[in-house]
Amino acid sequence: MTQDNSANSMWGGRFATGPDAIMTAINASISFDKRLYAQDIAGSRAHAAMLAAQGIITEEDATAIRQGLLTILSEIEAGRFQFSEALEDIHLNIESKLTEMIGEAGKRLHTGRSRNDQVAVDFRLWTRDQCDAAITGLTALMQAFLAQAEAGADWIMPGFTHLQTAQPVTWGHHMLAYVEMLARDRSRFEDARRRMNECPLGAAALAGTGFPIDRHMTASALGFDRPTANSLDSVSDRDFALEFLSASAICATHLSRFAEELVIWSTAQFRFVKLSDKWTTGSSIMPQKKNPDAAELLRAKIGRILGSTVALFTIMKGLPLTYSKDMQEDKEQVFDAADTLMLSLAAMTGMVSDMTANREALHKAASSGFSTATDLADWLVRSLGLPFREAHHVTGRLVALAEEKGCDLPDLSLSEMTSAHPGITQEVYSVLGVENSVRSRMSYGGTAPDQVRAQVARWKTLLG
């Protein structure tokens, strides 16, 4: 079989023949890592400028390299660049083209670096950009939830535990719960970004380089806080990718939880929310159907992101220092997770902004299921001085009586109330309405409308 020797020019004389076609297929990463082209060119421009400043290459060579790289950048962005699988990856594709364009100067670009630190800096730059995109997307989603919270600060709905009616809360309070979750997600991406903002360029293959490079110069040029401090760690570290994936998985879990609520709330049995035609689909056979497909798809996206997270943890767990080819499998996981997360954030922002809450259905549901039972127990403690456990038992007997009669607690007569405890007075009815219940929850972070409005104001200030 005729061997393809086109890749050998990058390796010099070490290999006499080209790779087998199957080896080429398993070894090449250009089909996916071409996505790093902008970061690769940015890193090479910074490296060339530093080499010239340090007198390692001439200014003329640095100028030719810079101009050649900019030409390649424009060709890639215009769709005119021909990527070659034989050249394996984005780094060799760009370097080969550069040498073809500018000659010997192109061969000097790789002085003082390796593909190991080159891919590490490219991948960090790309992942850093994705952190920024996630932070922006999360902020927009938080603002959408905040708008819902402000509009429904005093709308009463049931709060649930075990998906059973527990206590009345406000719509605004429920929406703010997701603002808090998403704020933690945003802070995780911010923290991950800070930790990954060290530059591995110049660590070379694993041991550093004997050339008098200035790693602080390249770090600064690429927007990093500092260069990494250990060359071995620099080329073997993928913590930044694992942190991005972990933060993405937690965030996707939050999105999935609200997606599940939208699926439940939009059913005919609940009717808590109405999703517009933008985010629903019909049935091919049942004309009455309006399916929350967007929410269902978002609910499923956590599977992809969590799968990518587990995959990269599994790839990294057994690798000795420093670089191993296993690490080539890192990028597809992060690329897919990032794409999935950004799409999910955009879709959820659209759904939250567009959904309409059914205030009447929310209130009706909150008024059922003995949702003010805890208020009754608390009143017995405050007004009659009962120990809470005794108050709990008294309330339980009244709930059983109301259930037997097919009514709610406020519908019981005073004589029926006193049958459970003789000290109960007419005053008890002042705490049994759902409006009274939510207004009484004035503890910091509680569901009272005034507390909700205070939290809305706080978040509006924080989000600008």
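A simple spin-label model places the labels of Lys364 and Asp277 2.6 nm from each other, with each point 7 Å out along Cα-to-Cβ. When all alpha carbon pairs of the chain are counted in 10 Å bins from zero, the resulting P(r) reads 4, 16, 20, 17, 14, 11, 8, 5, 3, 1, 0 %. Ranking His91, His392, His421 from most to least accessible surface, computed with a 1.4 Å probe over the protein chains only, gives His392, His421, His91. Listed by chain and number, the lysines whose C-alpha is less than 27 Å from the C-alpha of Lys364, apart from same-chain residues fewer than 8 away, are Lys274, Lys289, Lys290, Lys405. How many angstrom separate the Cα center of segment 265-324 from the Cα center of segment 422-464? Going from one Cα centre to the other spans 34 Å. When each of the peptides 340-346, 360-366, 70-76 is scored by the mean number of other C-beta atoms lying within 10 Å of its residues, the order from highest to lowest reads 340-346, 360-366, 70-76. What separates the Cα centres of segment 374-402 and segment 141-166 is a distance of 27 Å. Beta bridges per DSSP, both residues in the chain: antiparallel share near 80 percent.
Close amide H partners of Val169, meaning residues 5 or more places away or on another chain with modelled amide H under 5 Å apart, are Met157, Gly159.
The helix-based estimate of mean residue ellipticity at 222 nm for the chain, built from -39,500 (n - 2.57) per DSSP H run of four or more residues and divided by its residue count, is -20000 deg cm²/dmol to the nearest 500. Partner lysines whose Cα lies under 18 Å from the Cα of Lys107, excluding those fewer than 8 positions away in the same chain, are identified as Lys97. Placing +1 on the Cβ of every Lys and Arg and -1 on the Cβ of every Asp and Glu, with nothing else charged, gives the chain a dipole about its Cα centre of roughly 520 debye.
Other residues lying with their Cβ under 15 Å from the Cβ of Lys317 contribute a combined charge of -4, Lys and Arg counting +1, Asp and Glu -1. Here the scattering of segment 367-464 is modelled by Debye summation over its C-alpha atoms, one equal scatterer each and no solvent; at q = 0.13 Å⁻¹ the log10 of I(q)/I(0) is -0.50.
The values are calculated or read from the model by the stated rules, or taken from the named source; none is laboratory data. What you see is a predicted model; the values in this text were computed from it and never measured. Every residue, glycine among them, receives a Cβ derived from its backbone with ideal geometry; neighbour counts consider all protein chains shown. For accessibility, only protein heavy atoms count, side chains too; no ligands or nucleic acids. Shrake-Rupley method; radii C 1.70, N 1.55, O 1.52, S 1.80 Å.
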